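Written below as structure tokens is the structure these notes are about.
Derivation of every value follows stated rules applied to the coordinates shown; laboratory data play no part. For clarity, every value in this text was computed on a predicted model and none was experimentally measured. Positions of Cβ are backbone-derived with ideal geometry, glycine not excepted, and every protein chain shown enters the neighbour counts.
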Amino acid sequence: MGDSMSDASLIYFDNNATTKTDPAVVKAMMPYLTEEYGNPSSAYRFGKRAAEAVERARGQVAHLLGCEAKEILFTSCGTESNNAAISSALTMDPDRQHVVTTRVEHSAITKHGEWLAKRGYEVTWLGVDEKGQIDLGELERAIRPDTAIVSMMWANNETGVLFPVEEIAAIVHKKRVLFHTDAVQAVGKVPINLAHAHSHINFLSVSGHKLHCPKGVGVLYVNRRTRFNPYLMGGGQEHGKRAGTENVPYCVGLGEAAELAARHMELEDAAVRGLRDEFERQVLETIADTQVNGDRENRLPNTTSIAFEGIDSEAVLLLLDQAGVCCSAGSACTTGSVHPSHVLKAMGFSTERARSSLRFSFSRYNTAGEVEKGLEILRGVISKLRRMSMVA
Ligand code: PLP
């Protein structure tokens with residue numbers, strides 16, 4: 001099919017890597033990419049209109065998360081939000097130099113943790129069981145008087161496994177330690193209500209491009225009672241919490257994407273879950289020696305990670321790509337590397353199983369027809385590779 005493959009023939013089952021931009025999001029952004037180019041900090045009305053657009057977007061994101069608009073801080077991406085939360089906690093109190101996180105976080109946390117560990121900070125990496133779940137007792141024991149922050153993802157990008165985040169936050173809060181959650185894969189897919197009386201989440205990260213907004217915009221929720229040290233220093237934008245002229249069109253886009261997500265979440269949950277479940281059922285029933293990785297009960301509705309015994313996932317990806325099907329062998333950041341998924345390894349799976357696993361992630365833009373077509377192509381690819389390995 002080659003590079004000339006038209007969009008219409010593309011089967012995109014990699015929505016945890018990024019998502020198709022919603023036309024309504026682009027439409028909302030357009031005026032701010034063209035004639036409404038004012039600087040939100042300017043004193044005249046032309047600038048004020050841009051500032052009002054950013055504030056409207058802040059309100060839309062706050063509505064999706066069930067928090068107050070003033071708790072929303074626009075950033076450039078999920079990675080920045082994660083880095084900023086941890087950095088704030090560590091610079092707030094020099095006597096607290098210890099961080100607790102897990103072995104299954106995205107590289108936007110793990111690389112930062114490794115960097116900190118090389119610079120004299122102490123990082124405790126909590127393991128997970130075969131389902132991808134952590135042990136809450138172990139978490140409680142890991143928190144020390146010098147712990148600055150605990151950071152744990154809401155939903156795993158590779159397996160979709162959901163951590164019991166509110167329960168975790170309550171444990172951390174009891175120990176008087178800050179709690180951050182990387183909710184990049186959870187926002188828009190599962191209900192989040194930060195106003196909930198029992199919510200003890202101090203920081204939460206969002207990324208626009210995982211919810212049908214273009215790449216390059218994110219949010220950090222900072223609880224109104226949580227002190228915050230800015231990561232970027234300069235102008236007084238974002239109430240002094242993040243310097244740099246606001247990316248007005250992208251803030252507006254994320255606001256619109258958040259509003260759409262809030263409006264469609266229930267309906268989408270059922271529809272997308274239905275596609276994922278049907279895909280998974282057919283893979284398990286019609287392709288021999290296949291197994292789902294991770295907790296199937298506590299999982300995102302759109303994600304499945306499947307091991308195809310004896311198969312090299314890189315080879316499958318290549319053949320699926322030639323047939324116009326996009327999926328992933330892990331997180332996008334590790335694709336192309338020969339290392340097996342750190343998430344599957346942390347779950348105790350062998351290198352072979354990790355290397356034979358593929359992630360399929362769906363969205364509201366996928367159809368039942370694509371699921372059928374994708375399955376047909378996948379079955380062909382797997383049986384071809386298995387035939388080849390028998391001959392070899
Ligand atoms: N955290 C998780 C769980 C992710 O899946 C990703 C992206 O794949 C990120 C953070 C990074 O987000 P961004 O691409 O906006 O920096």
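FRET efficiency for the Asp321 to Glu36 pair, using the beta carbon distance and R₀ = 41 Å, is estimated at 0.55. By the count of neighbouring beta-carbon atoms within 10 Å, fewest first, Leu73, Leu90 end up ordered Leu90, Leu73. In whole percents, the pair-distance distribution calculated for region 131-223 from its alpha-carbon pairs, binned every 5 Å from zero, is 3, 13, 24, 24, 19, 12, 5, 2, 0. Computed over neighbours whose Cβ is under 15 Å from that of Val150, the net charge equals -3, Lys and Arg +1, Asp and Glu -1. Not counting the cut sites, what is the longest span of the chain without GluC sites (Glu not before Pro) that DSSP labels loop and that have at most 12 other Cβ atoms within 10 Å? The segment 131-296 is the longest one with no such site.
With everything on Cα atoms, drop me the angle between helix 45-65 and the longest principal axis of the chain, reported from 0 to 90° to the nearest 10. With both axes taken from Cα atoms, the answer is about 50 degrees.
The stretch between Lys345 and Lys118, if pulled fully straight at 0.36 nm per residue, gains 79.4 nm over its current Cα-Cα span.
At an R0 of 45 angstrom, the distance between the Cβ atoms of Ala43 and Leu10 translates into a FRET efficiency of 0.45. In terms of other Cβ atoms within 10 Å, Trp125, Trp154 run from fewest to most in the order Trp125, Trp154. Pull out a ≥ b ≥ c, the square roots of the eigenvalues of the alpha-carbon gyration tensor of the chain, then state rounded if a/c is under 1.5, prolate if not and a/b is larger than b/c, and oblate in the remaining case. Here the chain falls in the oblate category. Scaled against 2.2 N^0.38 Å for its residue count N, the alpha carbon radius of gyration of region 193-273 is 1.28. Can you bin region 1-122 into rounded, prolate or oblate? Criterion: square roots of the alpha carbon gyration tensor eigenvalues sorted a ≥ b ≥ c, rounded for a/c under 1.5, prolate for a/b above b/c, oblate for the rest. Cα axes put region 1-122 in the oblate bin.
Straight-line cross-link partners of Lys210 among the lysines, defined as a Cα under 28 Å from its Cα and at least 8 positions apart when in the same chain: Lys20, Lys27, Lys70, Lys111, Lys131, Lys189, Lys241, Lys345, Lys373. Taking other C-beta atoms within 10 Å as the exposure proxy, Tyr121, Tyr37 rank Tyr37, Tyr121 from fewest upward. For region 295-324 versus region 61-111, the inter-centroid distance based on Cα atoms is 29 Å.
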